[in-house]
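Comments concern the structure below.
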Amino acid sequence: MSEAHQLFKPKVLLVNDHPASLLALQTLLINGPHADDYEVVTAMSGAEALRKVLDQQFAVILLDVSMPGMDGFETAATIHSHPRSAAVPIIFITAYYADEMHRLKGYQHGAVDYLISPVIPQMLHSKVGVFIELAKKNLQLQSQKETLALINRDLQVQQMEELRRINVALEKEIEERRQAEERANELATKDALTGLMNRRSLTAHLEHAIMRASRHGERLALLFLDMDKFKSVNDALGHDAGDELLLQAADRLRQAVRGADMVARLGGDEFVVLMEDLPSYNAAAEVARKIVKAIAVPFSVCSQSISTSASVGISLFPQDGTSVHELMRSADLAMYHAKQERRGSVQFFHEELNTKMLERSRLEQELQQALENGEFELYYQPKVEAASGRVAGVEALLRWHHPRLGLLSGGQFMQAAVETGQVVPIGEWVIAAACEQARSWQYSSKGFPNLPIAVNISIPQLYADLPEVIHRALLRCDVPPSSLQLEITESLLIEDVDKASSVLRQISDSGITIAIDDFGTGYSSLSVLKSLPIDILKIDQSFVRDLGKDLGDHAIVSAIVMMARALALRVVAEGVETQEQLDILQELGCDEHQGYFYSKPLPATTLVERFMQTSDA
């Protein structure tokens, strides 16, 4: 070996911002069993470490993860981004013993190994020794190259290949150790059967989720679920069948939850879902109901159809607990109550939420029966010409004669109709009922005018076969397309302008007038309005309410009227309740008004009677 190589020792770079920790680690290395084989260099920050890496070559870097300014992850990424130091192995030193996610992040930033503080001296010497040995082998390789070049080129090539094989073997050993560590990490964080997160990983995730929710004032939910009668399946068909049932249940759980939700298996037939960024308690109930429905579908296991159910308990942060233990306990208790109440049911830990959820569920069931029982009725609110005072049309507003709750407006139950998939059949009933009413007025002997009837349309109806539904209703009742007007809210319209435009154009071409309802709340652009086949803008009542009191609302209504004039559209103001509001609307050039100032929504017979009385007067 040449003199230069004899004098050279592999170097170990020790990086730690804490003087005491730095001194302790340095002392361990200096007093190690093979301390004469290497030199220890220290740095107290990421920036200082980078400067020394650029000036010197190191066999290995021991890098503290938690440092102010540039932490260990950022320092490692910067070191490996430079060609000179890209291959230098880095061992992270961290105090986060139980945090596998923290360790996985280290591997993603180029770590070859981990040491947990406080460091065990024997482990430190062993891990450092591998890389010192690797550096010495590389040094020997270089020395052999120089010696063999003087003796014989062929012999040099042979020796170099041998040393290269040794080097490859060492690198392979390091890589195998790293892969083994990653496999061990996966086994430690995931359930071996289903691949879901295990209890240990759930606890770590839940701890972090609670900290985030506390810091940002957010809500989260924990869903505990237990498969009912699972033990009987195991006893009857064996553990292999039980395992297959759990695998299929895990797949259904993944499909039922939101994309960001975490699903874990605690063991046996117990699963947990962690929901963060919770918009409302009802979102947790919706996911829980989807899970119950998914598990209720029979499973095919060992050529047999197996029916089971899942009982779900829900706890919410912060009202049901502010720690991992409290939330887990609350959800577990709620799940126990669900099994006691009725297998295959959902139960909140908080009783008040159970009452609301049960009421919502009951309302949804009653809603499904309302069409069959003929409990719906249309009320009609006149739309009046601002200039002449003549009734120009009516808007049909849905009412539900609820056998238990009395008369309900659409706002009290339509969201439940959307969520249960009932909005399309209800919408078809509204269109049919409006056409029948138009026919009744058309052939009435009381002299009631043939007024166009406006009906409200929801987005799900646009995706259904709406043009065909309207055509059939008009044909069945033998009334012209001019008998109907369609109203669609601006905020729903802009969710899918292209789809809405295509459907509405078919309807418009048939001769039906189309209005945008609640205009001014959806922030649609002028280009969107120009691309749609619309005839009427209905100004949202929130802008009409304070006319005469709020100059801002006055300016908004004025701007809407002028824009409508530029687009050749008629303008209807909603929610008119006073003479002052009507006077301002007339002054601004509004075409029609609608609201309690003229009439509240009325049943068809009452509306006809009032109209006839007004005509006689």
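The values are calculated or read from the model by the stated rules, or taken from the named source; none is laboratory data. None of the values given here were measured: they were computed from a predicted structure. Neighbour counts are summed over all protein chains in view; Cβ atoms, including those assigned to glycine, are modelled from backbone coordinates with ideal geometry.
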(message) Out of the residues in region 586-617 meeting the condition of being within 43 Å of the chain's Cα centre (by Cα) and not in a loop (DSSP other than H, G, I, E, B), tell me which one is farthest from V544 (Cα to Cα).
(response) P603
(message) Which of the numbered conditions does Y379 fail, given that it passes all the others? Conditions: (1) free of Cβ contacts under 8 Å to residues at least 40 places away in the same chain; (2) under 23 Å from F611 (Cβ atoms); (3) not small (G, A, S).
(response) (1)
(request) Could you list, in sequence order, all residues of region 562-608 that are touching an Asp or Glu at 6+ places or on another chain (Cβ under 8 Å) and of a type in the set (S, T, Y)? (result) Y596
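Could you tell me how many of the residues in region 404-413 are at pLDDT 90 or above and more than 14 Å from R360 (Cβ to Cβ)?
So the count comes out to 3.
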(request) Please state which one of I536, I556 is β-branched (V, I, T) and either touching a residue at least 60 places away in the same chain (Cβ under 8 Å) or buried (at least 19 other Cβ atoms within 10 Å of the Cβ) (or both). (result) I536
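Of everything in region 371-404, what is over 28 Å from I514 (Cβ atoms) and surrounded by 14 or more Cβ atoms within 10 Å (Cβ to Cβ)? Give them in sequence order.
First, the residues of region 371-404 that are over 28 Å from I514 (Cβ atoms): 372-375, 401-404.
Scanning region 371-404 gives E375, H401, H402.
Among the residues that make up region 431-439, is at least one of them touching a residue at least 60 places away in the same chain (Cβ under 8 Å), buried (at least 20 other Cβ atoms within 10 Å of the Cβ) and assigned to a helix (DSSP H, G or I)?
Keep residues of region 431-439 that are touching a residue at least 60 places away in the same chain (Cβ under 8 Å), which gives 437.
Checking which are buried (at least 20 other Cβ atoms within 10 Å of the Cβ) leaves us with 437.
Imposing the further condition that a residue be assigned to a helix (DSSP H, G or I) reduces the set to 437.
Yes, there is a match, as at least one residue in region 431-439 is touching a residue at least 60 places away in the same chain (Cβ under 8 Å), buried (at least 20 other Cβ atoms within 10 Å of the Cβ) and assigned to a helix (DSSP H, G or I).
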(request) Return the pairs, sorted by first residue and then second, in which the second residue is modelled with pLDDT under 90 and not in a strand (DSSP E or B), the first residue lies in region 597-617 and is on the phi < 0 side of the Ramachandran plot and exposed (fewer than 13 other Cβ atoms within 10 Å of the Cβ), the beta carbons are less than 9 Å apart, and the residues are 6+ apart or on different chains. (result) S615/G447
(request) Would you check if I79 is crowded, with 19+ Cβ neighbours inside 10 Å and either within 19 Å of I120 (Cα to Cα) or touching a helix residue (DSSP H, G or I) at 6+ places or on another chain (Cβ under 6 Å) (or both)? (result) yes
(message) If I ask for residues that are within 27 Å of D591 (Cα to Cα) and in contact with an Asp or Glu (Cβ under 6 Å, 6 or more places away or on another chain), which ones from region 387-416 would you list?
(response) A392
(request) Specify which of the listed residues (D550, D509, D583) is in the same structural domain as A438 (by TED's automatic domain parsing), closer than 22 Å to V479 by Cβ and either exposed (fewer than 14 other Cβ atoms within 10 Å of the Cβ) or within 39 Å of the chain's Cα centre (by Cα) (or both). (result) D509
(request) Would you please name the residue that is farthest from L170 (Cα to Cα), looking only at residues in region 83-111 that are assigned to a strand (DSSP E or B), at pLDDT 80 or above and aliphatic (A, V, I, L, M)? (result) I93
(request) Kindly indicate the residue of region 346-355 that is at pLDDT below 85 and surrounded by 15 or more Cβ atoms within 10 Å (Cβ to Cβ) and also nearest to E270 (Cα to Cα) among those meeting that condition. (result) F349
(request) Determine which member of the set S315, S309 is closer than 12 Å to L222 by Cα, touching a helix residue (DSSP H, G or I) at 6+ places or on another chain (Cβ under 7 Å) and surrounded by 15 or more Cβ atoms within 10 Å (Cβ to Cβ). (result) S315
(message) Just checking, does region 337-350 include any residue being outside any helix (DSSP H, G or I), more than 29 Å from G217 (Cβ to Cβ) and not charged (D, E, K, R)?
(response) yes
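Being modelled with pLDDT under 80 and within 15 Å of A568 (Cβ to Cβ) is the filter here; which residues of region 506-530 pass it?
Here is the first cut: in region 506-530, the residues modelled with pLDDT under 80 are 520-530.
Answer for region 506-530, where residues must be modelled with pLDDT under 80 and within 15 Å of A568 (Cβ to Cβ): L526, L529, K530.
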(request) Output the residue which, of all residues in region 166-225 that are within 22 Å of A249 (Cα to Cα), among the charged types (D, E, K, R) and in contact with a Leu (Cβ under 8 Å, 6 or more places away or on another chain), is modelled with the highest pLDDT. (result) R199
(message) For region 414-446, give me each residue that is at pLDDT below 80 and within 29 Å of the chain's Cα centre (by Cα).
(response) Q415, A416, V418, E419, T420, G421
(message) Return the residues of region 44-82 that are outside any helix (DSSP H, G or I) and of a type in the set (S, T, Y); say none if nothing qualifies.
(response) S45, S66
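Which of the residues that make up region 323-345 are among the hydroxyl-bearing types (S, T, Y) and at pLDDT 90 or above?
Step one: filter region 323-345 for residues among the hydroxyl-bearing types (S, T, Y), giving 323, 330, 336, 345.
Hit for region 323-345 is S323, nothing else.
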(request) For region 220-278, name all the residues that are over 21 Å from the mean Cα position of the chain (by Cα), in a helix (DSSP H, G or I) and in contact (Cβ under 8 Å) with a residue 40 or more places away in the chain. (result) F230, V233, L237, D240, A241, D243, E244, L245, L246, L247, Q248, A249
(request) Could you please give the count of residues in region 14-30 that are in contact with a strand residue (DSSP E or B) (Cβ under 6 Å, 6 or more places away or on another chain) and touching a residue at least 60 places away in the same chain (Cβ under 8 Å)? (result) 4
